[in-house]
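Enquirer: Just dropping this structure here.
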Amino acid sequence: MIKNKLFSVFIILFCSSQILNAENFKYLLNKALESNSNLKSSEIEIELAKEKGSILTRFDNPIIDFNYSNYRLKETKIKENGQGISLTQKIIPWNVANDKKRLSETIIKNEVDKYNLDKQEFTKELSMRYTIYAKSKSFLEVMRESHKIATKVYDISNERYKVGAISRAELLQSEIELMEIKKKKDELNLDVMSNYYDLIKFAGIEETQYLNLDSNYKFKITSNATLEKNPFINSEESKKEMLLAESKLNSNVIDSFDLKYSYSEEPDQVVNQVGISLPLPVFNTKSEENKIAKLTVMKMNLVVNKEKQLALMEYEKLIKERILLNDLKIENENILKFQIDSLEMLIEKLKISQISIIDIQNSKAKLIQTMTDIVSIETALNQNAISINYITGEYND
């Protein structure tokens, strides 16, 4: 029965069952994350930040001086020798050392958050490109079903033509539709191929064989409804903390001093000296650096607060959009059930010449349009879930 065939196609197209011997989106995502050069570069940046942090907080090497002296008394003009040694160690005040440690931590965190941002943006874009590929593949499946129905109508028309029940013109209408459907299938095959290679190219996967990717993967939103894990906001927050830590470090009036020790032997004495070399903040009190730190925080707070507001507005819009899309999907599915019943009855009438081929083609066109609309709605729901997951900081996998 045509009805059973249409219902089977409906299940294949719009349910989340997996196609045998086909890879799903998770497989593609894992392969892409493993091979993406940009993400690997971001991982290296994290390691570089750790090494730079170690450089920032490490101790300076001590400086050692050796000297040799020649003494001559004016009265006797007797020459005598002397020698000495001195050590100088740069000392970092504890508050400056803490500021350096804090800056090192924020630099590393900033790189980690930048990596997470890159990863989630890559995942989001890959997910979106997958939905475009899946949409074109589902359209192709709908057109294949359209071809099956058109073939069924042609076979019935041909039988009716042989017994003289319909005219040659009516039979030609069935043949023309089959030709148009074949042309559309070829066009959709090109779309599927183009979208596939765009997807694989963006993923950065070096595959020698064609990946048989299914088109039924469903993206689900998480229960997280906060912006605490939003990748862009987190990246901006960590950038703010890094700039604040850098400004605070630069605002220290005394950032180091020298501790000195020297020992020298002279003809008539041995000298031991201990002292410090301390800069005096007379002309440079680092007041400008303090102002820069405050202005930097004010500027970054404005940026972060604006992004939070925009993200919250986008999240609310996407949630409302999802409700409407689900309602629209249910409406189309209900219409599709009636269209399937109607087309089945019209085909039965065609067998006994109680209806024209044009009426059947019009009915089939509406049914195929509804199936196409459902594919578009499913795509929109997937893209909606991808966007929500990105805003709430959840990986779209």
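Enquirer: With unit charges on the beta carbons (Lys and Arg positive, Asp and Glu negative) and the dipole taken about the Cα centre of the chain, which residue among Ile55, Leu178, Ile132 sits farthest to the positive side?
Expert: Leu178
Enquirer: A further question follows. I'd like the distance between the alpha-carbon centres of segment 276-299 and segment 344-397, rounded to an integer number of Å.
Expert: The distance from the Cα centre of segment 276-299 to that of segment 344-397 comes to 67 Å.
Enquirer: Between Glu180 and Lys162, what is the label-to-label distance in nm when each label sits 7 Å out along the Cα-to-Cβ direction?
Expert: 2.6
Enquirer: Continuing with this model, one more query. Can you list the HN-Hα couplings for segment 26-34, worked out from phi with the Karplus curve (6.51, -1.76, 1.60; θ = phi - 60°), rounded to whole Hz and with x for Gly and Pro?
Expert: Each residue's phi maps through the Karplus curve to give 4, 4, 4, 4, 4, 4, 5, 5, 5 Hz.
Enquirer: If you take every residue apart from Asp191 with its C-beta less than 12 Å away from the C-beta of Asp191, what net charge results, scoring Lys and Arg +1 and Asp and Glu -1?
Expert: +1
Enquirer: Taking only protein heavy atoms into account and a 1.4 Å probe, give the accessible area per residue of the chain in Å².
Expert: 60
Enquirer: Would you work out the charge dipole size for the chain about its Cα centre, treating the Cβ of every Lys and Arg as +1 and the Cβ of every Asp and Glu as -1, and quote it to the nearest 20 debye?
Expert: 580
Enquirer: Calculate, for Lys201 and Thr222, the FRET efficiency according to 1/(1 + (r/R0)^6) with r their C-beta to C-beta distance and R0 22 Å; round to the nearest 0.05.
Expert: Calculated transfer efficiency: 0.15.
Enquirer: Still on this model: With a 1.4 Å probe and every protein chain kept in, tell me what percent of the accessible surface of the chain is carbon plus sulfur. Walk me through the intermediate numbers first.
Expert: Details: 13010 of 23680 Å².
Reported share for carbon and sulfur atoms: 55 percent.
Enquirer: Loop only by DSSP, 10 or fewer other Cβ within 10 Å of the Cβ. Give me the chymotrypsin sites (Phe, Trp or Tyr not before Pro) in segment 228-294 that pass, ordered by residue number.
Expert: Taking segment 228-294 and a limit of 10 other Cβ atoms within 10 Å, the loop chymotrypsin sites (Phe, Trp or Tyr not before Pro) found are Phe283.
Enquirer: Expressed as an acute angle from 0 to 90° and rounded to the nearest 10, what is the orientation of the C-alpha long axis of helix 287-351 relative to the principal long axis of the chain?
Expert: Helix 287-351 sits roughly 10 degrees off the main axis of the chain.
Enquirer: Follow-up. Between Asp359 and Ser41, what FRET efficiency follows from the Cβ-Cβ distance if R0 is 56 Å, with the result rounded to 0.05? Intermediate results must be reported in sequence, preceding the final value.
Expert: Details: r = 61 Å, r/R0 = 1.09.
With a Förster radius of 56 Å, E is 0.35.
Enquirer: With angles folded into 0 to 90 degrees, how steeply does helix 2-14 sit against the dominant principal axis of the chain? Use alpha carbons for both and round to 10.
Expert: Result, in degrees: 10.
Enquirer: Now for a separate question. With everything on Cα atoms, drop me the angle between helix 231-250 and the longest principal axis of the chain, reported from 0 to 90° to the nearest 10.
Expert: Helix 231-250 sits at roughly 10 degrees to that axis.
Enquirer: While we're on this one: Once both labels are modelled 7 Å past Cα along the beta-carbon direction, what's the Asn272-Thr296 spacing in nm?
Expert: 4.4
Enquirer: How charged is the neighbourhood of Leu381? Take every other residue with its Cβ under 12 Å from the Cβ of Leu381, and add Lys/Arg as +1 and Asp/Glu as -1.
Expert: Result for the local shell: +2.
Enquirer: How high is the relative contact order of the chain? Use alpha-carbon pairs under 8 Å, at least six apart in sequence, and give a whole percent.
Expert: 27 percent.
The values are calculated or read from the model by the stated rules, or taken from the named source; none is laboratory data. Everything quoted here is computed from the prediction, not taken from an experiment. So basically every Cβ, Gly included, is an ideal-geometry build from the backbone, and we count neighbours across all protein chains shown. Remember, those area values only see protein heavy atoms, side chains included, never the ligands or the DNA or RNA. Shrake-Rupley method; radii C 1.70, N 1.55, O 1.52, S 1.80 Å.
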